[in-house]
Amino acid sequence: MEEANPLRPDGESKGGVLAHLERLETQVSRSRKQSEELQSVQAQEGALGTKIHKLRHLRDELRAAVRHRRGSVKACIANVEPNRTVEVNEQEALEEQLENVKAVLQAYHFTGLSGKLTSRGVCVCINTAFEGNLLDSYFVDLVIEKPLRIHHHSVPVFIPLEEIAAKYLQTNIQHFLFSLCEYLNAYSGRKYQADRLQSDFAALLTGPLQRNPLCNLLSFTYKLDPGGQSFPFCARLLYKDLTATLPTDVTVTCQGEEALSTSWEEQRASHETLFCTKPLHQVFASFARREKLDGSGLLIDRFHCTENTSEVSNQY
């Protein structure tokens, strides 16, 4: 028998078939893998498409919500805008008033008016003076709001603060402070004169100085020669103008026989003129100088009065 030859044509055909089958299996495996990858990609694309659809739907909902919100905001602004405009105008007005107060304080710094800012507004200090003498100080604590109001103050009760505030505080803060300064300076000036009369010229007074709290009504009796026997003068000074330091009405009288003489009448009239034109302590200072420099002057007047009285007696 002949041995089988592995290289026979049919053997070669077997080997070729196996190789071809392996190639086919490889191709099938590759195709299957590609198909699986394609399915995976398609699945991912489907999921992404679904997600995109949901996001687009959410976008449309958000756009609708934004449009609705904008419409609501515009409606609210339309309703609130008038009130807001009023609030802004009031705030601007208050800020302007505060700036005006600060400007007034700066302008009047050298006239005795000063102040400092507070958490509520401004506290104004009014320093009074008379003839270069610094006197009492007063303060007014202002609240800068609508309307302006006085929170606290040290102004005496007899100064018409409420009346001044009612006239000028809401319309002209500068005029309010100026007017209040006038009243306080005038009061301090009248008080200063009365105090000086009592302290420096008590020797010329024959009784107590009578005055009211506002010091706009004074009455007293006095002699020009403390050790003499002449009758005293009685004076009554009325200050109708509460912003003035000189009296508007003065009455000087002299009781007794000396009042009948012409010289005493002239002297009484001259005293009234002095009280109307000069501060009270200055008038008494001139009386004291006259007595000191020419002590015989009044004696001559009294001699004439006595002589005239004697002549009248002799005639009867």
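Mind checking which residues of the range 205-219 are closer than 19 Å to His271 by Cα, at pLDDT 95 or above and open to solvent by 10 Å² or more (accessible area, probe 1.4 Å)? Once the filter is applied, which keeps residues that are closer than 19 Å to His271 by Cα, at pLDDT 95 or above and open to solvent by 10 Å² or more (accessible area, probe 1.4 Å), the range 205-219 yields Leu209, Gln210, Asn216, Leu217, Ser219.
For Val124, indicate whether it is modelled with pLDDT of 80 or more, aliphatic (A, V, I, L, M), under 16 Å from the mean Cα position of the chain (by Cα) and closer than 30 Å to Ala194 by Cα.
Numbers: modelled with pLDDT of 80 or more: yes; aliphatic (A, V, I, L, M): yes; under 16 Å from the mean Cα position of the chain (by Cα): yes; closer than 30 Å to Ala194 by Cα: yes.
Yes.
Just name the residue that is farthest from Val250 (Cα to Cα) out of those in the range 261-284 that are open to solvent by less than 20 Å² (accessible area, probe 1.4 Å) and aliphatic (A, V, I, L, M). Result: Val283. With respect to Glu258, determine if the residue is in a helix (DSSP H, G or I), at pLDDT below 95, open to solvent by less than 40 Å² (accessible area, probe 1.4 Å) and of a type in the set (D, E, K, R). Yes, satisfied. The set of residues in the range 169-216 that are of a type outside the set (A, V, I, L, M, F, W, C), within 32 Å of the chain's Cα centre (by Cα), more than 16 Å from Asp241 (Cβ to Cβ) and in a helix (DSSP H, G or I) comprises Gln174, His175, Tyr192. Selection of the range 182-204 for residues being over 23 Å from Ser137 (Cα atoms) and open to solvent by 30 Å² or more (accessible area, probe 1.4 Å) yields Asp200, Ala202, Ala203. Residue pairs whose Cβ atoms lie under 6 Å apart, separated by 6 or more positions or on different chains, with the first residue in the range 237-249 and without any contact (Cβ under 8 Å) to a residue 12 or more places away in the chain and the second loosely packed, with under 13 Cβ neighbours inside 10 Å and among the small types (Gly, Ala, Ser), do not occur.
Condition first: touching a residue at least 60 places away in the same chain (Cβ under 8 Å) and open to solvent by 40 Å² or more (accessible area, probe 1.4 Å). Can you find one or more residues in the range 126-148 that meet it?
Yes, because at least one residue in the range 126-148 is touching a residue at least 60 places away in the same chain (Cβ under 8 Å) and open to solvent by 40 Å² or more (accessible area, probe 1.4 Å).
Of the candidates Lys116, Lys51, the single residue that is open to solvent by 90 Å² or more (accessible area, probe 1.4 Å) and modelled with pLDDT of 80 or more is Lys116.
The values are calculated or read from the model by the stated rules, or taken from the named source; none is laboratory data. Nothing here was measured: the structure is a model prediction, and the numbers come from that model. Glycine gets a Cβ as well: all are built from the backbone with ideal geometry, and neighbour counts include every protein chain shown. With ligands, DNA and RNA removed, areas are computed over all heavy atoms of the protein, side chains included. Shrake-Rupley method; radii C 1.70, N 1.55, O 1.52, S 1.80 Å.
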